[in-house]
Amino acid sequence: MKKHLEKARIIENRPLTPSIYHLAMEAPEIAKEARPGQFVMVRVNDSLIPLLRRPFSFFRIRKDNGIVEIAYRLVGQGTVALSKKIPGSEIDLLGPLGNGFRLPPAEAKTVWVLAGGIGIASVMPLIEEIRLKRPDIRLVLYYGAKSSSDFLNIPDLLKICDEIKYSTDDGSAGFCGSVIGCLVQDWKTSKDLPSYLYACGPLVMLAHAAKWVLEHNIPSQFSLESIMGCGVGACLGCAVPKKSDHSSAPSYVHVCFEGPVFSPDIIQWERCL
């Protein structure tokens, strides 16, 4: 798949919540190649501060009009600077990067998608593609956040998903507890298991989800979040431990190059936490 270094024109850059922003950009070359689960590296400024590009998953991919969108949380100097970019200005993008999600197999009848916090951004293009290309699938979204104010208002979700289960750590909306707790409670009540499962969120959430899907032999794809320096596998800053291949030396995979989407059975989750 081709990678492009593209000057993108900003169309919109506005807050969705007090700490999460939505950025829409015209980037036709990148939009043409992009797939759900992939990401772009954004040069926030032309100056040396911040020096490195920042990685962001695609939140929406609009191939028909060449627009890509990201959702990002204000966490540091780079994202604060990004939030000050105004419509009409240009920003430097490198992408699309990484290996994205694959559609569920033909025999899949029910798909569960787990999204924790800003992880909803990574799975949104996947949800749209599943609904477009596999309308026969029953699609259930488990969406968790710290509090009700952290949920993104995405009206399309109600049209795309057959069912949405919300959970919050503080109990302000939906199930009181983690998104994994919500999922497990539903399973214990119904004893129904999905044909396939996708997940994106914090490593702790993914580690618990991996344990559950492996215990129940559910085929899955997980998108990992990681700090990245280059986005192309050169700096090795996003290496995560993989399960032993019977050699004495530790083995690693790189989130930017071999991921960010992995089968959960290859990651050594206990060493990621």
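The values are calculated or read from the model by the stated rules, or taken from the named source; none is laboratory data. What you see is a predicted model; the values in this text were computed from it and never measured. We place every Cβ from the backbone using ideal geometry, glycine too, and count neighbours over all the protein chains shown. Side chains included, ligands, DNA and RNA excluded: accessible areas come from the protein's heavy atoms. Shrake-Rupley method; radii C 1.70, N 1.55, O 1.52, S 1.80 Å.
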Q: Any chance you could check the Cα centroid distance between the range 1-56 and the range 194-209 for me, in angstrom?
A: 25
Q: Measure nothing but the geometry: give the 0 to 90° angle between the long axis through the Cα atoms of 179-190 and the longest principal axis through the Cα atoms of the chain, rounded to 10°.
A: 30
Q) Which of the lysines could be linked to Lys85 by a straight reach, that is with a Cα gap under 29 Å, when you skip same-chain ones fewer than 8 residues away? A) Lys2, Lys3, Lys7, Lys32, Lys63, Lys146
Q: Find, among the trypsin sites (Lys or Arg not before Pro) in the range 3-106, those assigned to loop by DSSP (not H, G, I, E, B) with at most 12 other beta-carbon atoms within 10 angstrom.
A: Lys63, Lys84
Q: Set the Förster distance to 45 Å, then compute FRET efficiency between Val232 and Asp64 from the Cβ-Cβ distance, nearest 0.05.
A: 0.95
Q: Could you compute the FRET efficiency for Asp92 and Lys32, with r as their C-beta to C-beta distance and R0 at 25 Å, rounded to 0.05?
A: 0.90
Q. Under a plain spin-label model, where a point goes 7 Å from the Cα along Cα-to-Cβ, how far apart in nm are Lys191 and Leu214?
A. 2.7
Q: Send over a whole-number figure in Å² for the accessible area per residue of the chain, probe 1.4 Å.
A: 46
(Q) Quick check: the angle from helix 120-133's long axis to the longest principal axis of the chain, C-alpha only, nearest 10 degrees? (A) 70
**Q.** Helix 203-215 axis, angle to the chain major axis (alpha carbon atoms, nearest 10°)
**A.** 40
Q: Please say if the range 1-106 is rounded, prolate or oblate, where rounded means a/c under 1.5 for a ≥ b ≥ c the square roots of the C-alpha gyration tensor eigenvalues, and otherwise the choice is prolate for a/b larger than b/c and oblate otherwise?
A: prolate
Q: State, as an integer percentage, the relative contact order of the range 102-261 based on alpha-carbon contacts under 8 Å between residues 6 or more apart.
A: 20
Q. How large is Rg over Rh for the chain, taking Rg from the Cα atoms and Rh as the Kirkwood inverse mean of 1/r across Cα pairs?
A. 0.95
Q | Inter-label distance, nm, simple model (7 Å from Cα along the C-beta direction), Ile266/Val80 | A | 3.8
(Q) Based on the alpha-carbon set only, what is the convex hull volume of the range 143-273 divided per residue, in Å³? (A) 137
Q) Using +1 on the beta carbon of Lys and Arg, -1 on that of Asp and Glu, and nothing else charged, what's the dipole of the range 126-273 about the Cα centre, debye to 20? A) 160
**Q.** Shape call, the range 206-273: gyration tensor on alpha carbons, a/c limit 1.5
**A.** oblate
Q | Unpaired by the 4.7 Å Cβ criterion, cysteines found in the chain | A | Cys161, Cys176, Cys182, Cys200, Cys238, Cys256, Cys272
(Q) Give the aspartates and glutamates whose C-alpha is closer than 16 Å to that of Lys211, dropping any in the same chain fewer than 8 places away, or say none. (A) Asp265, Glu270
Q) Using a simple charge model, +1 on the beta-carbon of Lys and Arg, -1 on the beta-carbon of Asp and Glu, nothing else, what dipole does the chain show about its Cα centre, in debye to the nearest 20? A) 260
(Q) Would the range 102-192 count as rounded, prolate or oblate if I go by the C-alpha gyration tensor, calling it rounded below 1.5 in a/c and otherwise prolate when a/b exceeds b/c, oblate otherwise? (A) oblate
Q: Over the chain, calculate the relative contact order: mean separation of alpha carbon pairs under 8 Å at least 6 apart, over the residue count, as a percent.
A: 17
Q | Selected from Pro194, Pro87, Pro105 as most flexible by GNM, with the chain as the system and alpha-carbon contacts under 10 Å | A | Pro105
Q) Hey, any idea what % of the range 18-164's accessible area is carbon plus sulfur with a 1.4 Å probe? A) 54
